[in-house]
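Reviewing the structure listed below.
Laboratory data are not the source of any read-out in this text; all were calculated from the coordinates shown. Since the model is a prediction, treat every value here as computed from it, not as a measurement. No Cβ is skipped: glycine too gets one built from the backbone with ideal geometry, and neighbour counts run over all protein chains shown.
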Amino acid sequence: MKYIHFLLVLCCVLSCLSGCSKQRNPEGRLDVSGTITYNGSPFGGVGLYNIAFEPIGDPSSGSTSGIIDPVAGKFLCTMQDGLKPGKYWVKFTAMAQYDKRTNKPVAPDFEEEDLNKQSYFVSLLPPDFNEKNVIEFEVVSGKKNVFDYDIVAEIKLP
């Protein structure tokens with residue numbers, strides 16, 4: 001009898017542990033990754049670079065955004081903060097922080113109060129890439145969702 005009781009307890013523990021190892025994803029969100037380039041080179045440098053996906057037609061799909069690596073131009077939205085299957089508008093944000101005294105770019109620092117009082121931000125991209133809905137991407141279940149995009153534009157700096 002003790003042997004059967006031990007086996008039942010062991011089976012319960014093992015089934016609980018196996019359930020804990022699986023990632024839970026009740027909303028069916030999917031990984032989305034990619035590389036963003038600017039005129040063929042990695043999109044980045046001194047500044048803040050972001051990619052956002054906004055649902056087309058069904059706001060309940062939820063939007064998400066990711067930080068673009070300023071060196072390699074890569075981003076990753078994991079299943080935890082990824083996208084549900086569907087169509088999305090893609091928008092980019094590229095902001096550079098400039099020192100008011102020198103008009104030269106500085107590394108973004110939201111914590112440094114003195115720097116923020118003596119600096120300003122400039123959007124580096126034209127409205128086609130962040131205000132208008134012109135770039136579309138579809139997230140498909142059962143498929144690797146990769147969004148690679150080359151931003152072809154002229155950036156005007158102050």
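At full extension, Asp99 and Val152 could sit 16.4 nm farther apart than now, given 0.36 nm per residue minus the alpha carbon distance.
Quick one: of Lys74/Lys100; Lys104/Lys132; Lys74/Lys104; Lys84/Lys143; Lys74/Lys117; Lys91/Lys117, which pairs are farther than 22 Å apart, Cα to Cα?
Values: Lys74/Lys100 30 Å; Lys104/Lys132 29 Å; Lys74/Lys104 26 Å; Lys84/Lys143 12 Å; Lys74/Lys117 31 Å; Lys91/Lys117 28 Å.
Check vs 22 Å cut-off fails for Lys74/Lys100; Lys104/Lys132; Lys74/Lys104; Lys74/Lys117; Lys91/Lys117.
Residue ranges 136-146, 29-39 sort as 29-39, 136-146 when ordered by packing (mean number of other C-beta atoms within 10 Å per residue, highest first).
First measure r as the distance between the Cβ atoms of Ser63 and Lys117, then evaluate 1/(1 + (r/R0)^6) with R0 = 35 Å and state the FRET efficiency to the nearest 0.05. Can you show the working numbers first?
Details: r = 32 Å, r/R0 = 0.91.
Rounded to the nearest 0.05, the efficiency is 0.65.
Amide H of Ile56 versus every other amide H placed in the peptide plane: which residues, excluding those fewer than 5 positions away on the same chain, fall under 5 Å? Amide H neighbours of Ile56, under 5 Å, 5+ apart: Lys87, Tyr88, Trp89.
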